[in-house]
Amino acid sequence: MKKRILGKNLEVSELGLGCMGMSFGYGDKADDQEMIKLMHVAFEHGITFFDTAEVYGPYINEELVGKALAPFKNQVVIATKFGFKIDPNDGKMLGLDSSPANIRNVAEASLKRLKVDAIDLFYQHRVDPEIPIEEVAGTVKDLIQEGKVKHFGLSEAGAATIRKAHLEQAVTALQSEYSLWTREPEQEIIPLLEELGIGFVPFSPLGKGFLTGKIDVNTKLKENDFRSTLPRFTAEARNSNQALVELLQQIGQMRNTTPAQICLAWLIAKKPWISPIPGTTKLHRLHENLLSIHLNLNPNEIEEIEKASAKIQIQGARYSEAAMKMVGR
């Protein structure tokens, strides 16, 4: 698999693997041994970029990733995140906390769970309005100088925050939601990243599974599947948004490929410093996603896909009202 450079010198595979759903978020927790096997297969096929966070579980996803990738130490890039306050008794998120003390505590704990000597990419998970971003960046800068962190990242941050953080400590990558049904980063964020030389890591590049065509208005989401709380996944919204899936299916039929592969190939073709991180718990989906790296879309095809998809009005916000207030700050 080809490599990409995020920021000045972080080399990653052009396609990464989001590991959250292996432990958290999408209903029942997957079998750990099967997920370890899946991560090993991903590595064998060239994926060297793996994404986790302390809040996924909490903690158990970092532990799983650490255990799975221990045999490949120094051959992979593991990204994790800080920035939430977690109740030590029941593990529930109590809000944001990007205080220097918490950043340091999270770093030390993540190092142990991931079984690494330094965190490759340490993202602020969500911008904390109570803590100046310069203080956050300065704390990570200190951790980099101490050899505990290699690169600093932001997640779902707004343009002004990215600029301020980058002045204090170079931001290697921004992780935000970006896909054919979430195009907002194109307006301001992507031009800014190009200007500053910051890499982009799109999460949910397959629309949390919807754009694969495997979810429709009749799909029953479990109560503990967080998509059941999202406005974009109401039955009404799914029915309306099916038009985009149908478009992707039509394009896929012409290219003898799948909607998921079209989505990923589109992202990979957008910029040479973009590395999407689709997640999955199924080996056959991993293999399907991997084939996207061989689907080379030319500029005319990209333009046709974007023009056609832009005509479809997506219904429903991507997060709840409260969660939307935590992005773009």
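Could you count how many residues in segment 282-305 are open to solvent by less than 50 Å² (accessible area, probe 1.4 Å), modelled with pLDDT of 95 or more and in a loop (DSSP other than H, G, I, E, B)?
1
For Glu236, are the conditions met, namely being loosely packed, with under 15 Cβ neighbours inside 10 Å and at pLDDT 95 or above?
Details: loosely packed, with under 15 Cβ neighbours inside 10 Å: yes; at pLDDT 95 or above: yes.
Against the criterion (loosely packed, with under 15 Cβ neighbours inside 10 Å and at pLDDT 95 or above), Glu236 qualifies.
Could we say that Gly57 is exposed (fewer than 14 other Cβ atoms within 10 Å of the Cβ), of a type outside the set (Val, Ile, Thr) and part of a loop (DSSP other than H, G, I, E, B) here?
On the way: exposed (fewer than 14 other Cβ atoms within 10 Å of the Cβ): no; of a type outside the set (Val, Ile, Thr): yes; part of a loop (DSSP other than H, G, I, E, B): yes.
No: the conditions fail for Gly57.
If you go through segment 255-280, how many residues are more than 15 Å from the chain's Cα centre (by Cα), in a loop (DSSP other than H, G, I, E, B) and touching a residue at least 60 places away in the same chain (Cβ under 8 Å)?
Summing the residues that are more than 15 Å from the chain's Cα centre (by Cα), in a loop (DSSP other than H, G, I, E, B) and touching a residue at least 60 places away in the same chain (Cβ under 8 Å) in segment 255-280 gives 2.
Considering only residues that are without any contact (Cβ under 8 Å) to a residue 40 or more places away in the chain, part of a helix (DSSP H, G or I) and farther than 17 Å from Lys150 by Cβ, which ones fall in segment 67-111?
Selection gives Ala68, Pro71, Pro100, Ala101, Asn102, Asn105.
Where the second residue is modelled with pLDDT of 95 or more and among the hydroxyl-bearing types (Ser, Thr, Tyr) and the first is closer than 18 Å to Leu174 by Cβ and open to solvent by less than 70 Å² (accessible area, probe 1.4 Å) and lies in segment 306-329, which pairs have Cβ atoms under 6 Å and are six or more apart or on separate chains?
Between residues of segment 306-329 that are closer than 18 Å to Leu174 by Cβ and open to solvent by less than 70 Å² (accessible area, probe 1.4 Å) and residues that are modelled with pLDDT of 95 or more and among the hydroxyl-bearing types (Ser, Thr, Tyr), the close pairs are Arg318/Thr182.
List every residue pair whose Cβ atoms lie under 6 Å apart, where the two residues are 6 or more positions apart in sequence or sit on different chains, the first residue falls within segment 198-223 and is more than 28 Å from Phe49 (Cβ to Cβ), and the second residue, located anywhere, is assigned to a helix (DSSP H, G or I).
Val217/Ala235; Val217/Arg238; Val217/Asn239; Leu221/Arg227; Leu221/Ser228
Given the structure, is Glu62 open to solvent by less than 10 Å² (accessible area, probe 1.4 Å) and in a helix (DSSP H, G or I)?
When the stated conditions are applied, Glu62 passes them.
Right, Ile189: open to solvent by 20 Å² or more (accessible area, probe 1.4 Å), hydrophobic (A, V, I, L, M, F, W, C) and within 20 Å of the chain's Cα centre (by Cα) or not? Write out each step before concluding.
On the way: open to solvent by 20 Å² or more (accessible area, probe 1.4 Å): yes; hydrophobic (A, V, I, L, M, F, W, C): yes; within 20 Å of the chain's Cα centre (by Cα): yes.
When the stated conditions are applied, Ile189 passes them.
Which number in (1) open to solvent by less than 10 Å² (accessible area, probe 1.4 Å); (2) out of contact with any Cys (no Cβ under 8 Å at 6 or more places or on another chain); (3) of a type in the set (A, V, I, L, M) marks the one condition that Leu211 misses?
Leu211 satisfies all of (1) open to solvent by less than 10 Å² (accessible area, probe 1.4 Å); (2) out of contact with any Cys (no Cβ under 8 Å at 6 or more places or on another chain); (3) of a type in the set (A, V, I, L, M) except (2).
Looking only at segment 152-207, count how many residues are among the hydrophobic types (A, V, I, L, M, F, W, C), out of contact with any strand residue (DSSP E or B) (no Cβ under 9 Å at 6 or more places or on another chain) and in a loop (DSSP other than H, G, I, E, B).
Counting residues in segment 152-207 that are among the hydrophobic types (A, V, I, L, M, F, W, C), out of contact with any strand residue (DSSP E or B) (no Cβ under 9 Å at 6 or more places or on another chain) and in a loop (DSSP other than H, G, I, E, B) gives 2.
Kindly provide the set of residues from segment 133-149 that are in contact (Cβ under 8 Å) with a residue 12 or more places away in the chain and in a loop (DSSP other than H, G, I, E, B), ordered by number. Even if it seems obvious, please write down each step before you answer.
Taking segment 133-149 and keeping what is in contact (Cβ under 8 Å) with a residue 12 or more places away in the chain, we get 133-141, 143-144, 147-149.
The answer is Gly147, Lys148.
The values are calculated or read from the model by the stated rules, or taken from the named source; none is laboratory data. Quick caveat, the model's predicted, so the values are computed rather than measured. Quick reminder, even Gly has a Cβ in these numbers, built from the backbone with ideal geometry, and neighbours come from all protein chains shown. Surface accessibility is based on the protein's heavy atoms, side chains included, excluding ligands, DNA and RNA. Shrake-Rupley method; radii C 1.70, N 1.55, O 1.52, S 1.80 Å.
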